[in-house]
Amino acid sequence: MAQPVPLRIGTRGSPMALIQAGIVRDRLAAAHAELAAPGALEIVVIRTTGDRVQDRPLHEIGGKGLFTKEIEEALIAGAIDLAVHSMKDVATWLPPGLEIACLLPRDDPRDAFLSHRAKTLRELLPGAVLGTASPRRAAQALNLRPDLRIVSMRGNAGTRIRKLAAGECDATLLSLAGLRRIKEDGAITSILSTDEMLPAVAQGAIGVECRSEDTATIRRLAPLHDRETGYCIAAERALLAALDGSCRTPIAALAELHEDTLSLRGLVISPDGVQCHRVARQGSISDALALGTDAGAELRRMAGPDFFLAVK
């Protein structure tokens, strides 16, 4: 008797990515008895350009989509059946024929402050060194503390924690959800409020991408999809699309649900933190896409065309 072909789950090979792929695998197995059988699900590790090139900022080598490009190519080629992503790493526009079919319940989207020298970002000594490769985090930190010195610090969360311990910087900022997933939350000094540091679009959310024509896989993913997370991520990504957002432009957004009402906050900020434009929207969850698009369009009007030219 022929061995059943496994459902292949594509992922990056970082510790966090493997944990996230494992979460999706386990939830698929729990939702479908046939996928709980030995060998029914296979995790396929794919090394991306973003993983290979660690000595330059992402915007210099093509943007955050470099963490998904090779995985999406494997999906299109049929080498894998679905791909698991940190949604904040997913490019604004997906390749034709692919879709995000499932979003797991979102974890805490806030940013964490890590330091051996101060309890909070505001308490760092004048001229302290903040290590981050995120234009969004750097710009908002400078908006709060213009005296800080920013140094580029790439690598996965574990690598950045080690660099901090080695004294390469006085503090760093990382995703709270990511630190909790890899069980490094003991390294957290404090958690920044979303008023201090508005998160990246879709931060804290895990998404599953597949081929739009693969209706069998889409049906299998349906029980895993979280409706509330779906509305929030739709609004945030619509804002990003209206701004033509890239990894180079510091953009932040957060949508939150209160019963059937969706509240959305967004901002664009200059890399030096000096110019900051904010917007807020509130409306029905059924209008999530329209709220995001309208908020993004207002931010674009507020900032003006010269703002986006200046950061390209």
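The values are calculated or read from the model by the stated rules, or taken from the named source; none is laboratory data. Every value quoted in this text rests on a predicted model; they were computed, and no experiment measured them. Positions of Cβ are generated from backbone atoms using ideal geometry, with glycine treated the same way; all protein chains shown enter the neighbour counts. Ligands, DNA and RNA are stripped out before the accessible areas are found, and what is left, the full protein with its side chains, is counted by its heavy atoms. Shrake-Rupley method; radii C 1.70, N 1.55, O 1.52, S 1.80 Å.
For the reader, a short list of remarks on this structure follows.
- Residue count for segment 116-157, restricted to those that are open to solvent by less than 40 Å² (accessible area, probe 1.4 Å) and assigned to a helix (DSSP H, G or I): 10
- Matching entry among E213, E196 (being farther than 30 Å from R300 by Cα and in a loop (DSSP other than H, G, I, E, B)): E213
- Residue pairs meeting the criteria (Cβ under 6 Å; at least 6 apart or on separate chains; first more than 14 Å from L148 (Cα to Cα), in segment 106-126; second among the aromatic types (F, W, Y) and not in a loop (DSSP other than H, G, I, E, B)): none
- Odd one out for C102, checked against (1) closer than 19 Å to T11 by Cα; (2) modelled with pLDDT under 95; (3) outside any loop (DSSP other than H, G, I, E, B): (2)
- Selection count, segment 158-188, where residues are part of a loop (DSSP other than H, G, I, E, B) and either in contact with a helix residue (DSSP H, G or I) (Cβ under 7 Å, 6 or more places away or on another chain) or crowded, with 17+ Cβ neighbours inside 10 Å (or both): 5
- Of the strands (runs of 3 or more DSSP E) contained entirely in segment 221-312, those carrying at least 3 residues that are touching a helix residue (DSSP H, G or I) at 6+ places or on another chain (Cβ under 9 Å) and buried (at least 20 other Cβ atoms within 10 Å of the Cβ) fall at 251-258, 261-269.
- Pick from segment 13-37, criterion of a type outside the set (A, V, I, L, M) and at pLDDT 95 or above, ranking: surrounded by the fewest Cβ atoms within 10 Å (Cβ to Cβ): E34
- F113 falls short on exactly one of the conditions (1) open to solvent by 10 Å² or more (accessible area, probe 1.4 Å); (2) modelled with pLDDT of 95 or more, and that condition is (1).
- Close Cβ contacts (under 8 Å, 6 or more residues apart or on different chains) running from residues in segment 234-248 that are of a type in the set (D, E, K, R) and modelled with pLDDT under 80 to residues that are part of a helix (DSSP H, G or I) and crowded, with 20+ Cβ neighbours inside 10 Å comprise R248/P135.
- Scoring I218 on the criteria (1) among the hydrophobic types (A, V, I, L, M, F, W, C); (2) farther than 24 Å from P95 by Cβ; (3) in a helix (DSSP H, G or I); (4) modelled with pLDDT of 95 or more leaves a single failure, condition (2).
- Test: residue in segment 51-71 that is basic (K, R), at pLDDT 95 or above, buried (at least 17 other Cβ atoms within 10 Å of the Cβ) and in contact with a helix residue (DSSP H, G or I) (Cβ under 9 Å, 6 or more places away or on another chain): no
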